[in-house]
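For reference, the structure discussed in these notes is given below.
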Amino acid sequence: MSWFTDRHFFLLAVIFYGFSTVYSILIWRKGFRQDNRVNYLLLFAGFGCHITAMFLRGFSLQSCPVNNIFEATMFFSWAIVTAYLIIGISSRLRFLGAFVSPVVFFVGVFALMPPLDPPHGPKPEFSGAGVSLHAALILQAYGAFGLSAVAALMYLTQVHNLKFHKLRAVVSLLPPIQRLENVTARLLTNGFMLLTLGLVIGAAVLQRPDYNYVSDPKIIWSVLVWAVYLALVVSFWKFSQRGRRFAWSSVAVFAFVLLTFWGTNLLSKLHHP
Amino acid sequence: MSIVVIGLSHRTAPVELRERFAFAEARIPATLQLMRDSQIVDEAVILSTCNRVEIYAATQLEPQKAFAEIHGFLINCQDYRDPLNDEIYKLSEPHSVSHLFKVASGLDSMVLGETEILGQLKVAYDLALKHQHTGARLNKAFQRAFNVAKHIRTDTGIQRGSISVASVGVELAEKIFTKLNDRHVLVIGAGDTSEKAARALLSRGAKSIIVTNRSHDKAVALAADLGGRAIRFDDWTAEFAGVDIAISSTAAPHHILDSAKLAPLMKLRKNRPLLLIDLAVPRDIEPEVNRMENVFLYNVDDLQSIANDYLKARQEEIARCERIIEDKVKGLLSHHRPNASRIAPQTSAHA
């Protein structure tokens, strides 16, 4: 079985997420009236392969597997699936899988691109508990932002139903929009706190005397993302900026993070020496 | 011994006839005793509701003879002398058992899939059981009917959704607000449907009701009835900042609420979601307000359309329910007569 590597297990997980995505489209088209147990089981099967892949990689490295983009992506999609499987124990919230599976499927497909998982060098420039904590907190923050975007998508779906497809709104299993909006805002706030903590720890442990931090694309990008999320959090809690605009902002900012996270990582000499 | 049913319902008889045949609950035990003493039946249950009067009986007699005897008994018992055509139906096995299961499941009800009839059937059965007018056959049939009703309720969509305008309004509110028990409701115009919708919201826990009407006296009367507060018609916009659900049904010939009027009110409400239910014709609320952020407007056609769609969905489930019932009837009757499914139906006049 030694030929069956951690990447193969992750590939298997992504295949399960793919099946779940197809099933989710059916559920979506039926207005969330279909049984979600199948979807939950598909995501659970994917999770089994996913965690096996992470264990194998972690044991081979003897550290938390967040040392390159493949590992980071694997970690962060794992955070989303884990959160869903816990929430989905309640049958009333199991429909969330219809929104989670496309996200983890596409993120997984992206992570599987070979250039994102280069062989590990003999000695990473930065290592230790502080670096692992920095990476883990930031990835958990992005996991929270991802779930927040998922909740925002559900909110937008249900608002659209309530305004234009009125029967679909009442027969769907989606929670009330007020709760969805609240969940979106709380996940965003929690993610923002984790991101702040992760960045502060990163600034403290990733010290290199000769390095120009101000010109590092990843650092500029991180500060920008932090500022945008700060603006979103403040606009919601302080200025009551609610509704579709807030939900779309949550989705758009997370899409921006998804599309640019890896690119800026590659450009950063600090994160991709 | 076989099970027979004889009776009349909203499907076969008008209310004037049904009320002539209705039994007061206090009279039922004595009537059952009389029927058993006359050797027509061995076991019997009388179900008497506003929509049906039915006698379920287990008898040693041949069905046709039993029908004639019970029919005569019923006519004499209620002292009914006018001519009857097809108003009274008579069902023998397996149709009698199938009918019992359908009644228990709400498939034969005026409001398809309603559950009230199951409670009424249980009361009727308990009454007969308490006075020892049931035996092995009816006990088993009724217990199975209650199980079938539960099965159908959980495994099919026959009871899914609301089929009245008022309860659709409540369902919509539950799709918008996390909880209804901290919601404030404003009723503009003291119409009948808006009163029903307000009552439905109150029954689900709405926190408070404010009523306003051009005739203040009517507002006061309705508010007192609903346990709410009445305000003058000119003052309702002042209360709007605290309102989450507004039900409007005035006789105004023009819109009483439009985007220009609502925009500043929404700011006062800090853009919290607002459900507007416009039951008036002509409409009270400008349709364009539905485009505003966090405003959800439903007019009477929207609500009726949802109720109709639900009804259609329930009707589509009938075939599934009937298949379940058919299997359960076969299962029950096979214990008594292995060839039950081959018995020719002996029925008359069941519309």
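The values are calculated or read from the model by the stated rules, or taken from the named source; none is laboratory data. Quick caveat, the model's predicted, so the values are computed rather than measured. Cβ placement follows ideal geometry from the backbone for every residue including glycine, while neighbour counts extend to all protein chains displayed.
Could you please find all residues in region A:202-244 being of a type in the set (Val, Ile, Thr) and surrounded by 20 or more Cβ atoms within 10 Å (Cβ to Cβ)?
Of everything in region A:202-244, those that are of a type in the set (Val, Ile, Thr) and surrounded by 20 or more Cβ atoms within 10 Å (Cβ to Cβ) turn out to be A:219, A:225.
Residue-by-condition table, conditions (1) under 32 Å from the mean Cα position of the chain (by Cα); (2) among the small types (Gly, Ala, Ser):
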site: B:30; (1), (2): yes, yes
site: B:33; (1), (2): yes, no
site: B:40; (1), (2): no, no
site: B:73; (1), (2): yes, no
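Taking residue B:247, is it more than 19 Å from residue B:209 (Cβ to Cβ) and within 29 Å of the chain's Cα centre (by Cα)? I'd like the intermediate steps shown before the answer.
Numbers: more than 19 Å from residue B:209 (Cβ to Cβ): no; within 29 Å of the chain's Cα centre (by Cα): yes.
No; evaluated as a whole, the condition is false for this residue.
With under 19 Å from residue B:289 (Cα atoms), part of a helix (DSSP H, G or I) and of a type in the set (Gly, Ala, Ser) as the only criterion, which of B:252, B:238 stands out?
Step by step, each of B:252, B:238 is checked, and only B:238 is under 19 Å from residue B:289 (Cα atoms), part of a helix (DSSP H, G or I) and of a type in the set (Gly, Ala, Ser).
Can you list the helices (runs of 4 or more DSSP H) found entirely within region A:155-249 that contain at least 2 residues being more than 11 Å from chain B (Cβ to nearest Cβ), without any contact (Cβ under 8 Å) to a residue 12 or more places away in the chain and farther than 30 Å from residue B:291 by Cα? Step through it out loud before you land on a result.
Numbers: elements: A:166-171, A:177-205, A:217-237.
Of the helices (runs of 4 or more DSSP H) lying wholly inside region A:155-249, those with at least 2 residues that are more than 11 Å from chain B (Cβ to nearest Cβ), without any contact (Cβ under 8 Å) to a residue 12 or more places away in the chain and farther than 30 Å from residue B:291 by Cα span A:177-205, A:217-237.
Could you please find all residues in region A:216-272 being farther than 13 Å from residue A:192 by Cα and small (Gly, Ala, Ser)?
A:235, A:240, A:243, A:247, A:249, A:252, A:255, A:263, A:268
Is it the case, given these coordinates, that residue B:313 is in a helix (DSSP H, G or I), at pLDDT 85 or above and within 14 Å of chain A (Cβ to nearest Cβ)?
no
Quick test for you: out of B:15, B:53, pick the one residue that is surrounded by 14 or more Cβ atoms within 10 Å (Cβ to Cβ) and either of a type in the set (Val, Ile, Thr) or free of Cβ contacts under 8 Å to residues at least 24 places away in the same chain (or both).
When all the criteria are applied, what remains is B:53.
For residue B:272, are the conditions met, namely being of a type outside the set (A, V, I, L, M, F, W, C), closer than 30 Å to residue B:179 by Cα, touching a Ser or Thr at 6+ places or on another chain (Cβ under 9 Å) and modelled with pLDDT of 85 or more?
Considered against the rule, which asks whether it is of a type outside the set (A, V, I, L, M, F, W, C), closer than 30 Å to residue B:179 by Cα, touching a Ser or Thr at 6+ places or on another chain (Cβ under 9 Å) and modelled with pLDDT of 85 or more, residue B:272 comes out as yes.
When region B:173-201 is examined, which residues are found to be part of a loop (DSSP other than H, G, I, E, B) and within 14 Å of chain A (Cβ to nearest Cβ)?
Within region B:173-201, B:177, B:178, B:179, B:180, B:181, B:182, B:183 meet the criteria.
Quick check: is even one residue across region A:37-52 modelled with pLDDT under 85 and within 30 Å of residue B:160 (Cβ to Cβ)?
Yes, because at least one residue in region A:37-52 is modelled with pLDDT under 85 and within 30 Å of residue B:160 (Cβ to Cβ).
Kindly indicate the residue of region B:152-172 that is closer than 13 Å to residue B:118 by Cα and more than 14 Å from every other protein chain (Cβ to nearest Cβ) and also surrounded by the most Cβ atoms within 10 Å (Cβ to Cβ) among those meeting that condition.
Among them, the one singled out is B:152.
If you take the residues in region B:68-115 that are in contact (Cβ under 8 Å) with a residue 12 or more places away in the chain and polar (S, T, N, Q), which one is surrounded by the most Cβ atoms within 10 Å (Cβ to Cβ)?
B:105
Only one of (1) within 14 Å of chain A (Cβ to nearest Cβ); (2) free of Cβ contacts under 8 Å to residues at least 60 places away in the same chain; (3) closer than 18 Å to residue B:285 by Cβ is not met by residue B:243, so which one is it?
(1)
All but one of (1) part of a loop (DSSP other than H, G, I, E, B); (2) within 8 Å of chain A (Cβ to nearest Cβ); (3) surrounded by 19 or more Cβ atoms within 10 Å (Cβ to Cβ) hold for residue B:306, so report the exception by its number.
Every condition holds for residue B:306 apart from (1).
Which one of the conditions (1) out of contact with any Gly (no Cβ under 8 Å at 6 or more places or on another chain); (2) farther than 25 Å from residue B:263 by Cβ does residue B:180 fail to meet, given that it meets all the rest?
Among (1) out of contact with any Gly (no Cβ under 8 Å at 6 or more places or on another chain); (2) farther than 25 Å from residue B:263 by Cβ, the lone unmet condition for residue B:180 is (1).
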